[in-house]
Amino acid sequence: MNPYALSMLMSSLAMGTIITLSSSHWFLAWMGLEINTLAIIPLMTKMHHPRATESATKYFLTQATASALLLFSAAMNAWVTGEWTIMNMNSYTPTTILTVALAIKLGIAPFHLWLPDVLQGLDMMTCLILSTWQKLAPMALLILTSHQLNANLLTLMALASAIIGGWGALNQTQMRKIMAYSSIAHLGWMTLVVSFAPGLALLNLTIYLMMTSSMFMMLMTLNATNMNKLSISWLKTPTLAASMMAGLLSLGGLPPLSGFLPKWLILQEMTKHHLGVLSTVMALSALLSLFFYLRLSYMISMTSPPNISNANLAWRKKNNPSLINPILVVLSTMLMPITPMLLM
């Protein structure tokens, strides 16, 4: 892609998110989301492949539906209350429509079906943007309006997301689809706690962004799009393969890695609100996710191909050192010591 066009699209992506994050008016927030959607579609289709075109079409249709619902709920709320302020959503129907719109935007179950298919047709860098940066604006709106949304509906969606996110990835072999289901499961945990403690949802989002960014950057370095390619990564870059194993276990929420921190604090918050059964089901759904993360970790660290195929395999990966990836790996695996500070 032309560097000028790329810089314009990336700045439009940033501008759309910043407009949504800084707005207090529904129309401005909607406009930011639209700029965001329109800026990422050319990035999706830059591969000139039928799968990329299909992904861009699916993404555009789902996001357009969500934007229409969001604008409809804002207009209905303005009709009831007489103002367009984001913080003033008092009527039941607009808040329900808004919850559905944001769930479609984020890919929360039962509106998650577009996410694995869209990610599968894209290159890794666009997948990274879609799984991290594109979640910021809708998640900010969800956190801002969390005290006015229907807590029961959010809890049901969260439970469905955590179970589907774990269940859906069990039989997948493509890394992009696995990361999509991982995203759905993590969004379930954020949606669960957003009504009770928005600060915890923000912490979960921050740690999720760090873990997912580091994972996609490692997959890009290894050029691994499926499990077979992942199994020869130990031969090519042992250090990176070890880092990826730690990152996967962190995504699964194993102590003492960073991914355990939000799950622990969320379960603690749920038990404070006497939601013991819900906490148990969420913890059991995390075991589903942990299974496929462990399977990937096993493939990376404990398997090697029986023989070298006829394909041209790089015996050792050429080193293009980037400082961002090691920092993200450290942050996504070693944040547990800050827990006492967060609890205070």
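The values are calculated or read from the model by the stated rules, or taken from the named source; none is laboratory data. Being a predicted model, the structure only gives us computed values, none of them experimental. Glycine also receives a Cβ, built like all others from the backbone with ideal geometry; neighbour counts cover every protein chain displayed. Heads up: the accessible areas ignore ligands, DNA and RNA and are worked out on the full protein's heavy atoms, side chains in. Shrake-Rupley method; radii C 1.70, N 1.55, O 1.52, S 1.80 Å.
Could you tell me which residue of the range 6-42 is farthest from Q134 (Cα to Cα), considering only residues that are among the small types (G, A, S) and open to solvent by 50 Å² or more (accessible area, probe 1.4 Å)?
So the residue we want is S24.
Suppose we keep only residues that are open to solvent by less than 30 Å² (accessible area, probe 1.4 Å) and assigned to a helix (DSSP H, G or I) within the range 108-119. Which one would you say is farthest from L38 (Cα to Cα)?
Here the residue is P116.
Identify the single condition in (1) open to solvent by 40 Å² or more (accessible area, probe 1.4 Å); (2) over 21 Å from G165 (Cα atoms); (3) at pLDDT 85 or above that W264 does not satisfy, given that it satisfies every other one.
Unmet for W264, out of (1) open to solvent by 40 Å² or more (accessible area, probe 1.4 Å); (2) over 21 Å from G165 (Cα atoms); (3) at pLDDT 85 or above: (2).
If you check T126 against the conditions, is it open to solvent by 10 Å² or more (accessible area, probe 1.4 Å), among the β-branched types (V, I, T) and either part of a helix (DSSP H, G or I) or over 18 Å from M179 (Cα atoms) (or both)?
No: the conditions fail for T126.
Please work out which residue is least open to solvent (accessible area, probe 1.4 Å), limiting yourself to the range 71-103 and to residues that are at pLDDT below 90 and aliphatic (A, V, I, L, M).
M89
If M1 satisfies every condition in (1) touching a helix residue (DSSP H, G or I) at 6+ places or on another chain (Cβ under 6 Å); (2) assigned to a helix (DSSP H, G or I); (3) open to solvent by 30 Å² or more (accessible area, probe 1.4 Å); (4) of a type outside the set (F, W, Y) but one, which is the exception?
(2)
Do the conditions hold for K229, that is, is it open to solvent by 40 Å² or more (accessible area, probe 1.4 Å) and part of a helix (DSSP H, G or I)?
When the stated conditions are applied, K229 passes them.
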